[in-house]
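Report on the structure given below.
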Amino acid sequence: MPKIKEIERTPNPDAMRFILGEPLTNGVTRSFESSIDADGDELASALFAIDHVINVYYVDKYITVTQDGNAVWSELLRKLAPPIREAKPQMDLADDQEVHVSEEAMNSDDPRLKEINEMLDQQVRPYLLADGGGLKVIGLDGHRLKVHYQGACGTCPTATSGTLYAIESMVKRIDPDIEVISV
């Protein structure tokens, strides 16, 4: 049973990040955008059963829960804490190959995608994780790189402005014609 060490605000006012005393996963990232997505995952299903929860994202010692903006955090936190404390560590999870890159992007023969993903792994995803979220590359259509924000980043006002522009400026070092769009 994980102990909640801290609860942190994220740049997204509708998301909170729980820091646990011990890991919940063995480095495998889990991202759920609905209760249907969470089917089969005990923790995510329990959190989605709580009114106002719209997103669950977790990896290692971190769980980020995003609400719809209609709940008071002090009340919602009291409801979220029990299922998080009761969560069982999942150290035998297989890595979800599509959590950071879609199957379409993985199977692409475009060498820019591999370079973009390496750059995102090194320079972007660690910072997004620190803010309670992540980023999935959907694909590269000509010169349009489609990305999808996860966790706290999914509904964060700065994700579709500042962060997206920062990612685009980094990607332009690989190919100056690429435009990054959030989907």
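Among the residues of segment 111-133, is there at least one that is assigned to a helix (DSSP H, G or I), among the charged types (D, E, K, R) and in contact with a helix residue (DSSP H, G or I) (Cβ under 8 Å, 6 or more places away or on another chain)? Within segment 111-133, not a single residue is assigned to a helix (DSSP H, G or I), among the charged types (D, E, K, R) and in contact with a helix residue (DSSP H, G or I) (Cβ under 8 Å, 6 or more places away or on another chain). For residue 78, the stated conditions do not hold, so it cannot be described as in the same structural domain as residue 154 (by TED's automatic domain parsing) and surrounded by fewer than 20 Cβ atoms within 10 Å (Cβ to Cβ).
Considering segment 127-150, the residues that are under 15 Å from residue 11 (Cβ atoms), touching a His at 6+ places or on another chain (Cβ under 9 Å) and not hydrophobic (A, V, I, L, M, F, W, C) include one that is surrounded by the fewest Cβ atoms within 10 Å (Cβ to Cβ), namely 134.
Being surrounded by fewer than 20 Cβ atoms within 10 Å (Cβ to Cβ) and closer than 21 Å to residue 177 by Cβ is the filter here; which residues of segment 95-123 pass it? 104, 108, 109, 110, 111, 112, 114, 115, 117, 118, 119, 123, listed by residue number. Tell me, which residue of segment 151-177 that is in contact (Cβ under 8 Å) with a residue 24 or more places away in the chain, out of contact with any helix residue (DSSP H, G or I) (no Cβ under 8 Å at 6 or more places or on another chain) and among the polar types (S, T, N, Q) is surrounded by the most Cβ atoms within 10 Å (Cβ to Cβ)? Looking at residues that are in contact (Cβ under 8 Å) with a residue 24 or more places away in the chain, out of contact with any helix residue (DSSP H, G or I) (no Cβ under 8 Å at 6 or more places or on another chain) and among the polar types (S, T, N, Q), I get 155. For segment 79-110, residues that are within 15 Å of residue 45 (Cα to Cα) and in a strand (DSSP E or B) total 1. Of all the criteria given as (1) over 11 Å from residue 87 (Cβ atoms); (2) surrounded by fewer than 18 Cβ atoms within 10 Å (Cβ to Cβ); (3) in contact (Cβ under 8 Å) with a residue 12 or more places away in the chain; (4) of a type outside the set (Lys, Arg), the one not satisfied by residue 37 is (3).
Which residue out of 60, 92, 37, 96 is over 14 Å from the mean Cα position of the chain (by Cα) and at pLDDT below 95? Please lay out each step first, then the result.
On the way: 60 fails: over 14 Å from the mean Cα position of the chain (by Cα); 37 fails: over 14 Å from the mean Cα position of the chain (by Cα); 96 fails: over 14 Å from the mean Cα position of the chain (by Cα).
Criteria check complete, one pass: 92.
The values are calculated or read from the model by the stated rules, or taken from the named source; none is laboratory data. Note that the structure is predicted; figures quoted are calculated from it, not measured. Note that we place each Cβ from the backbone using ideal geometry, even for glycine, and neighbour counts take in every protein chain shown.
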